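**Q** Encoded as structure tokens, here's the structure I'll be asking about.
The values are calculated or read from the model by the stated rules, or taken from the named source; none is laboratory data. Remember, predicted model here, so these are calculated numbers, not experimental data. As a convention, Cβ positions derive from the backbone with ideal geometry for all residues, glycine included, and neighbour counts pool all protein chains shown. Surface accessibility is based on the protein's heavy atoms, side chains included, excluding ligands, DNA and RNA. Shrake-Rupley method; radii C 1.70, N 1.55, O 1.52, S 1.80 Å.
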Amino acid sequence: MFKPLLTLTGAFIATTAISIAQAKPLPQEDLSVAEVLRDRALASSDAYSIVESLTVEVGPRRAGTEGDRRAVAWAQEKMKSLGFDRVYTEQIEVPRWTRGHAHAQVVSPYPQPLVVSSLGYSVATPKGGLTAEIVEFPDVEALLQASPKQVKGKIAFINKRMEKARTGEGYGPAVQGRSKGMRAAAEKGAAALLLRSVGTDSDRFAHTGMMSINDVENPVPALALSAPDANLLEAMLKRGKPVEVKLDIDNQRHSDGPSFNVIGEITGREKPEEVMIIGAHLDSWDEGTGALDDGAGVAIVMETARLIAELPKRPRRTLRVVLFGAEEIGLVGAKQYLDAHRHELDNIIAISESDFGAGKIWRFDTRLPESKFDIADQMMQLLAPLGIERGHNKSYGGPDSSVFVAAGVPAFGLYQDGTDYFDYHHTPNDTLDKVKPENLRQNVAAWVVMSFLATEMEDNLGRIPSKIKE
Ligand SMILES: [Zn+2]
């Protein structure tokens, strides 16, 4: 997925040296302040107590629920207590849905229960449940190519395994089944969709998550199946007899309702109208406490801003922490934020987001005009001692950030080690015990270097041309 790093770095140096006007180098004084901030973060930053507070005092906070409302109140209170200059909310509209029970069991030939979870916004089964034969597909493409006759009236079972990787790159291919599977099943006349969980663990937890629900004419119930239960079903099917499963699900879809993006600012001393956005998402799935996804990210960006607010003077530009609402159900808060802020798009000098758990940062990616690569090189001088390598220049900055990057906003990406992230992602097992305080300190140390230097530098970063050097 990624080019070898050496080639990439070589290319950076060659181009910047030969043909491109260099950006104004960052003054030594700023680099020294950034270094002090970095070392302070390593020694004493306390993002952990923020994520602890969020998971204990709020817990699950799926968009549009009571937990979400409490999270919005929590975030405002917390930002005020951390010394932000300005704290406010912006309302967004979100689709709402209630999760009821979800039961699944094999009724023949070898009756036994299965551990499942409704995918986000799944419809219910008829009262009393439905029973149907399983038809297995290796992936969603195979389901899409199946004849309706093969599928009609049956439960389509997508049995694709996800590869584990530090970059999390197995997620992209595996998540196709979740996003497109229900629609494909519905269009072929299936009774329901069962999906091997999009995850890398072998725990008996199912991984929920969003699917595409818009314009599906006759949606069918859609469930994730825990990995061990997917193995069980696979083994039963191998014995050659028809396997019948009973599903009983009770969910409810409601009209749209309000949620909020929560915003806190450290106001710039010279160019307050120019802002760098550092983001995370406040909402979570509803079965865990959202410690990794994305309580850790919330804590990292809030603690970063707190450290910068402690400096004797404000940075040149405004540092704006945006805790996006309703990320999990389709980047809803980010899209509505962009629409509401198009008038100031040219003043958003850069964006970055923390939304990949609580592992250590190991790579620094960017999306900058070529003429600004040496700014990133200077940041690297302070990031390298944290064990961070220089990566590529095609970063999207994170899921919510991607909508801003598509509109030409430069981005930074501090890439975390995601080896274990998809063991817990969207499960009841996404809880605080997975978060290590020392890893969060390393994260904050990197974030504070990047955020301080970007808000303090004299030049800005320009806009991203449609064709960039990657
Ligand atoms: Zn997330």
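**Q** Could you work out how far helix 171-187 tilts from the main Cα principal axis of the chain, as a 0 to 90 degree angle to the nearest 10?
**A** So the helix axis and the longest Cα principal axis differ by about 40 degrees.
**Q** Compare the peptides 422-432, 120-130 by average per-residue count of other Cβ atoms within 10 angstrom and give them in order, highest first.
**A** 422-432, 120-130
**Q** Rank-order 319-325, 109-115, 359-365, 387-393 by packing density, defined as the average count of other C-beta atoms within 10 Å over each peptide's residues, highest first.
**A** By packing density, highest mean first, the sequence is 319-325, 359-365, 387-393, 109-115.
**Q** If each of ASP433 and ALA407 carries a label point 7 Å out from its Cα toward its Cβ, how far apart are those two points in nm?
**A** 4.2
**Q** Which order do the peptides 30-38, 233-241 come out in when sorted by mean C-beta neighbours inside 10 angstrom, highest first?
**A** 30-38, 233-241
**Q** Helix-only mean residue ellipticity at 222 nm, the chain, DSSP H runs n ≥ 4 weighted -39,500 (n - 2.57), per residue, nearest 500. What is it?
**A** -10500 deg cm²/dmol
**Q** Can you tell me how much longer the chain between ARG69 and SER49 gets when fully stretched, taken as 0.36 nm per residue apart minus their C-alpha distance, in nm with one decimal?
**A** Between ARG69 and SER49, full extension yields 5.1 nm more.
**Q** Based on the Cβ-Cβ distance from LYS127 to GLU169, what FRET efficiency comes out when R0 is 51 Å, to the nearest 0.05?
**A** For R0 = 51 Å, the calculated efficiency reads 0.75.
**Q** Between segment 398-453 and segment 27-84, how far is it from one alpha carbon centroid to the other, in angstrom?
**A** 13
**Q** Whole angstrom only: what separates the Cα centroid of segment 164-211 from the Cα centroid of segment 297-359?
**A** Segment 164-211 and segment 297-359 have Cα centres separated by 29 Å.
**Q** Related question: Can you tell me the accessible area per residue over the chain, all protein chains present, probe 1.4 angstrom, in square angstrom?
**A** On a per-residue basis, the chain sits at 39 Å².
**Q** Which entries of LYS154/LYS238; LYS127/LYS152; LYS164/LYS434; LYS127/LYS241; LYS127/LYS238 show an alpha-carbon separation above 22 angstrom in the structure shown?
**A** Correct reply: LYS127/LYS241; LYS127/LYS238.
**Q** Could you check how much of the accessible area of the chain is carbon and sulfur, as a whole percent, using a 1.4 Å probe?
**A** That fraction is 51 percent.
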